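J.: Supplied in structure tokens, the structure appears directly below.
A short reminder: the numbers here are calculations on the coordinates, not readings from a lab. This is a predicted model, so every value here is computed, not measured. Note: ideal-geometry Cβ built from the backbone for every residue, glycine included; neighbour counts use all protein chains shown.
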Amino acid sequence: MSYLYGDSSSSSLQINYIDFLRDALDFSVQVLAADHRMREGEARVVEVRRACAEEVGRLEALGAAIARSVEGAPIGPAESPTALCAQAVLRASADQVRAAIDRVHATLTSDLAQSESQSGRERESVVAALSTLLLRHDLPEMTSELRLQQQGGTRYAAHVHTRSLDDLEAVLELEIAAAHPLAHVLRVEKLVERLEVQAPETGGWLRKEVKLRPQRLDKEYITELVLGGAQTIIKLRSAADGTGVGYDVLVRAEAPRVQLLRTGEATDLPAFDLGVDDAAKLIDLEAKLIAATGELLHARKALVDARLGDGPLAEWRNPKKMVERLVAKMAPVVQEIAKRSLTPTELVLKRQLGDGRREEIFVSRDELRRKLGPLANGSRALFAPLGLGEPASEPAPAPVHAPVPVVEKAATVVVPRSPPPPPAKSETAAISLDDSLDRMIVSEAPSRKPD
């Protein structure tokens, strides 16, 4: 199922990425919390070792001081009571110091064992968190390979082997329902009727010769199947438990498209390239097996194994790297979803339901930020590439001011002064005109009649 962005534009997403994002953040918080506790445990181990070394040093110094004190005291002849007492004191002090050092070392061993046990539980919690995530979702850019193996000739065990986050490898057990066609070991004829190809066979009484002969494959049992890797491998045997003569079928995307390898005979024959018509028959068988196993990939039952780098994930002491890689791969997708969501406070996707209807899937940024709440600021900073913070508000428009008129400086004009007019009878006017004619001040003083 393909999804649309929030603005109804098409996307390449084939999963509900918002649902995945929620679970991926829950997983990341659990892993980072466990990683933080592991770092704290390692710091405590360093401190305990330092305190132990200091305590042992003080005890050894105490023992040496006692020895020097006794040896420096006047004890008399070797067999004197004082000398014997001194020897007893030295032995007792040495025993006491040695016993105290042993107790310090025992406490250190106990603390280290407790710390390692706690660290082991934290690593197990990381594996459990990964299991919860993988049972529901594929990780970004994950490659997978389905493997089907007959068990006791009665049923198949199904597993999917995955690789993601650069070097995280996981094996998931798949559940095969009782009503599924692959609930029992299957004969080829259940998928393709009368499947016959030309293939080499060794024959002859007196002289063994290899000749091309018609080979009926429809009566063979499918005892092992590998799908999704560089090539498809279909193992066909005459017995359901994988024994007997049979064939290994190899189907590739590039030439040689189909090879057939005869097995179980005394004479080993090399792989044989099938002709175009026979190859088409086995490619059709491969297509039917892919269709039959398609729904198994979603029937994930349990995480069987997980490896990160060169060792088991349960022994990995820096699981934080998984979160860093996961965030780096999610960031471009989340940013694009945010960019195309019409509501700035939400991440929105849509999917077509048919009949002219669409379903909208959304999550608020605030909900996603709350998931990161238990983390310290330094750990929350790892998620900055996702852009889950509040969207930047639009800047306020700059105030519009009326243009200020530009006043050009006028040329200086010299005006000849004229004598001031005579003052009026009702009032006295004082007029002051400065030399530059830039300013005029007028003051009026009303006349007063004498009483």
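J.: Suppose R0 equals 60 Å; then what is the FRET efficiency for Thr82 and Arg121 from their Cβ-Cβ distance, rounded to the nearest 0.05?
T.: Computed FRET efficiency for Thr82 and Arg121 comes out at 0.55.
J.: Taking every alpha carbon pair in segment 190-252, what does the distance histogram look like in 5 angstrom bins from 0, in percent?
T.: 4, 16, 19, 24, 19, 11, 4, 2, 0
J.: Additional query: Expected output is a single nm value to one decimal: the length gained when fully extending between Asp277 and Gln96, i.e. 0.36 nm times separation in residues minus the C-alpha distance. What is it?
T.: The Asp277-Gln96 span can extend by a further 56.2 nm.
J.: Where does each of 132-141, 367-376, 30-39 land if you order them by average Cβ count within 10 Å, highest first?
T.: 30-39, 132-141, 367-376
J.: Moving to a separate point now. Just to verify a number: FRET efficiency for Ala128 and Ala381, C-beta to C-beta distance, R0 = 22 Å, to 0.05?
T.: Once the sixth-power term is evaluated, E becomes 0.30.
J.: Using 7 Å Cα-to-Cβ label points, what is the Ser69/Lys190 separation (nm, one decimal)?
T.: 8.7
J.: Could you compute how fast segment 8-135 diffuses translationally, taking Rh as the Kirkwood radius over C-alpha pairs and applying Stokes-Einstein at 25 °C with viscosity 0.890 mPa s? Give it in µm² per second.
T.: Answer from the Stokes-Einstein relation: 124 µm²/s.
J.: Could you give the length gained by full extension between Ser110 and Asp218, i.e. 0.36 nm per residue of separation minus their alpha carbon distance, to one decimal place?
T.: 32.5 nm
J.: Could you estimate the translational diffusion coefficient of segment 176-298 from the Stokes-Einstein equation, with Rh from the Kirkwood formula over C-alpha pairs, at 37 °C and 0.692 mPa s, in whole µm²/s?
T.: This corresponds to a translational diffusion coefficient of 216 µm²/s.
J.: Additional query: Taking every Cα atom in segment 267-372, find the radius of gyration and the maximum pairwise distance Dmax, and write them in Å.
T.: Both quantities, over Cα of segment 267-372: 23.3, 71 Å.
J.: Once the mean 1/r over all distinct Cα pairs of segment 6-78 is inverted, what Kirkwood radius in angstroms do you read off?
T.: For segment 6-78, inverting the mean 1/r across all distinct Cα pairs yields 18.7 Å.
J.: Among the listed pairs Lys235/Lys288; Lys219/Lys281; Lys190/Lys211; Lys350/Lys371, which are separated by more than 26 Å between their Cα atoms?
T.: Over 26 Å Cα-Cα: Lys190/Lys211.
J.: Just grab the label-to-label distance for Asn318 and Glu40, each label 7 Å out from Cα along the Cβ direction, in nm (one decimal).
T.: 2.2
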